[in-house]
Amino acid sequence: MTNKPRLVVSTGAGISAESGIKTFRDADGLWENYPVMDVASADGFRRDPALIHRFYNERRRQLGAVRPNRAHEILHELEEHFDVCIITQNVDDLHERAGSTNVLHLHGELMKVRALDDPDLTFRLESTECETTPDTRIDGHAVRPHIVFFQEAVPMFEPATELAAEADIFVIVGTSLVVYPAAGLLHYVRRGVPVYYIDPNPSPVPAGVTVIRAKATEGLARLAEILLKD
Ligand code: OAD
């Protein structure tokens, strides 16, 4: 147990934008030039598993070329004063690489694959250069990217709602709040808990949420000042 206030932070693609990873809804339904439903849906995976493997191999390789930015670092630094729990929709590992110790991935992780015949069996890949195909076998298992595709359940949602319900302060950073259930986390926050939303182009949010209209690096620097002053 810790006596520090619990700061729960829900992050989306926007927090990694300044590291050079593209967000999803900036480009007409395309994700790195592919139609999103081809590369991020269960139907897409059934239709063309080889494409999906190639696509996530590329995303993983891209991870090797980017670094956490100041926004990720500030969230790590806040652990000195707060019990920081991050709930991220991102499949990159930039929060972990910035040093954050408590990160829940709602939509899976690029650096992991999982067995097709046992969804609970995941394997961490050793490097961003690792490539998989439909023919890859790990410990005898065919594998797929450990990514939550559209049309699939979100098994980490329930633990995420529990964290949201325990927040003393709740912060949303860099998400368009259009993908459910992630976008609904806000509704699990207890009444009276301060809620902040940092985004340069914020979506509509309920009254009472403090919107900081800024990029993640600048917005989190401002938020840290506010929180540490109190
Ligand atoms: P989106 O692409 O929908 O939204 C990105 C948000 O980041 C937008 O609100 C932008 O205004 C904001 N943004 C852009 N640059 C920013 C910056 N420098 N700092 C802060 N914010 C910035 O991404 P998500 O909401 O994360 O799911 O998308 C949710 C899910 O949809 C993803 O996890 C992914 C996708 O399909 C899966 O892959 C399963």
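The values are calculated or read from the model by the stated rules, or taken from the named source; none is laboratory data. Fair warning: this is a prediction, and the values are worked out from it, not measured in the lab. Glycine also receives a Cβ, built like all others from the backbone with ideal geometry; neighbour counts cover every protein chain displayed. Just so you know, the surface numbers come from the protein's heavy atoms only, side chains and all, with ligands and any DNA or RNA stripped out. Shrake-Rupley method; radii C 1.70, N 1.55, O 1.52, S 1.80 Å.
Give the percent of DSSP beta bridges with both residues in the chain that are antiparallel, rounded to the nearest 5.
35 percent
Can I get the semi-axes of the chain's equivalent ellipsoid? Compute them from the C-alpha gyration tensor as square roots of 5 times the eigenvalues, in angstrom, largest first.
Working: eigenvalues 190, 65, 58 Å².
Output for the chain: semi-axes of 31, 18, 17 Å.
Suppose the chain between Thr133 and Asp230 were pulled fully straight at 0.36 nm per residue; how much longer would it get relative to their current alpha carbon spacing? Kindly include the intermediate steps, with their values, before the conclusion.
Values: separation 97, 0.36 × 97 = 34.92 nm, distance 5.16 nm.
Extending this stretch completely gives an extra 29.8 nm.
Kindly provide the helix-only [θ] at 222 nm of the chain, computed as the sum of -39,500 (n - 2.57) over DSSP H runs of four or more divided by all residues, to the nearest 500 deg cm²/dmol? All intermediate terms of the calculation are to be shown ahead of the outcome.
On the way: 8 runs with 64 residues, N = 230.
That calculation yields -7500 deg cm²/dmol at 222 nm.
Suppose we keep just the alpha-carbon trace of segment 84-150; what are its Rg and Dmax in angstrom?
12.7, 40
Taking the alpha-carbon distance from Lys215 and a cut-off under 17 Å, which lysines remain once sequence neighbours fewer than 8 residues away in the same chain are dropped?
Lys22
Lys/Arg Cβ at +1, Asp/Glu Cβ at -1, dipole of segment 106-230 taken about the Cα centre: which of Gly184, Pro119, Thr132 is farthest positive-ward?
Checking the options against the dipole of segment 106-230, the answer is Gly184.
If you bin every alpha carbon distance in segment 119-230 into 5 Å steps from zero, what whole percent lands in each bin?
Cα pair-distance distribution for segment 119-230, in percent: 2, 9, 16, 16, 14, 13, 10, 10, 6, 3, 1, 0.
What shape does segment 183-230 take by its C-alpha gyration tensor, where a ≥ b ≥ c are the square roots of the eigenvalues and a/c under 1.5 counts as rounded, a/b above b/c as prolate, and the rest as oblate? Working shown, then result.
Numbers: a/c = 2.32, a/b = 1.23, b/c = 1.88.
Note, shape of segment 183-230 comes out oblate.
How far apart, in nm, are the 7 Å Cα→Cβ label points at Arg191 and Ala142?
Calculated label separation equals 5.2 nm.
Using the alpha-carbon atoms, what tilt in degrees (0 to 90, nearest 10) does helix 216-229 show relative to the longest principal axis of the chain?
The helix 216-229 is inclined about 40 degrees to the chain.
Between His81 and Met37, what is 0.36 nm times their sequence separation minus the Cα-Cα distance? Round to one decimal in nm. Present the calculation step by step, with values, prior to reporting the outcome.
Details: separation 44, 0.36 × 44 = 15.84 nm, distance 4.10 nm.
Gain on stretching His81 to Met37: 11.7 nm.
Read phi for every residue in segment 2-18 and hand back ³J(HN,Hα) as whole Hz from Karplus 6.51 cos²θ - 1.76 cosθ + 1.60, θ = phi - 60°, with x for Gly and Pro.
Values per residue, Gly and Pro as x: 9, 8, 6, x, 8, 9, 9, 10, 9, 10, x, 3, x, 6, 9, 4, 6 Hz.
Residue separation times 0.36 nm, minus the C-alpha to C-alpha distance between Arg61 and Lys4: what's the value?
Working: separation 57, 0.36 × 57 = 20.52 nm, distance 3.73 nm.
Roughly 16.8 nm would be gained on extension.
Residues of the chain: accessible area per residue at 1.4 Å, in Å²? Each step should come with its number before you reach the end.
Details: 11520 Å² over 230 residues.
Here the per-residue accessible area is 50 Å².
What number, in nm² with one decimal, is the all-direction average of the projected area of the convex hull of the alpha-carbon atoms of segment 1-113? Each step should come with its number before you reach the end.
Numbers: hull surface 30.6 nm².
Quarter of the Cα hull surface area: 7.6 nm².
Largest first and to the nearest Å, give the Cα extent of segment 50-99 along each principal axis.
46, 20, 12
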